[in-house]
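**Q** Next up is a structure, given as structure tokens.
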Amino acid sequence: QVQLVESGGGLVQPGGSLRLSCAASGSIFSINAMVWYRQAPGKQRELVAAITSGGSTNYADSVKGRFTISRDNAKNTVNLQMNSLKPEDTAVYYCNADIETISGVRSAGYWGQGTQVTVSS
């Protein structure tokens, strides 16, 4: 069994910063891509940032230059440093990972429970 647990959300003023973390645990053999998504009220879930096991990254245009994704392969964690936050960044942020278990099953359908980020004055 594999679990993803996010942490680090909260309330921040516009222009502020937050750091989200996601830790994967369980019967993990390897982790391929790790991705942060977000979903604002009344909107579809959207990709925010992604990172491969080799460290290649990809960002949504709306967060480029403000957000930075990183990972620690030894600890099976992925982080999202969010700077210069805007009210439109308000959403529930979800961690997603493409994981191969020790039993040899690979799936990109592992999700965390989500963490709320609210940007408001």
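The values are calculated or read from the model by the stated rules, or taken from the named source; none is laboratory data. Note that the coordinates shown come from a computational prediction; the quantities given were computed from them, not determined experimentally. Cβ coordinates were reconstructed from backbone atoms using ideal geometry, including for glycine residues, and neighbour counts include every protein chain displayed. Calculation scope for accessible area: heavy atoms of the full protein, side chains included, ligands and nucleic acids excluded. Shrake-Rupley method; radii C 1.70, N 1.55, O 1.52, S 1.80 Å.
**Q** What's the total number of residues in the range 1-35 that are in contact with a Gly (Cβ under 7 Å, 6 or more places away or on another chain), assigned to a strand (DSSP E or B) and open to solvent by 50 Å² or more (accessible area, probe 1.4 Å)?
**A** Final tally of qualifying residues: 3.
**Q** Among (1) within 16 Å of Gly112 (Cα to Cα); (2) in contact (Cβ under 8 Å) with a residue 40 or more places away in the chain, which single condition is Leu47 missing?
**A** (2)
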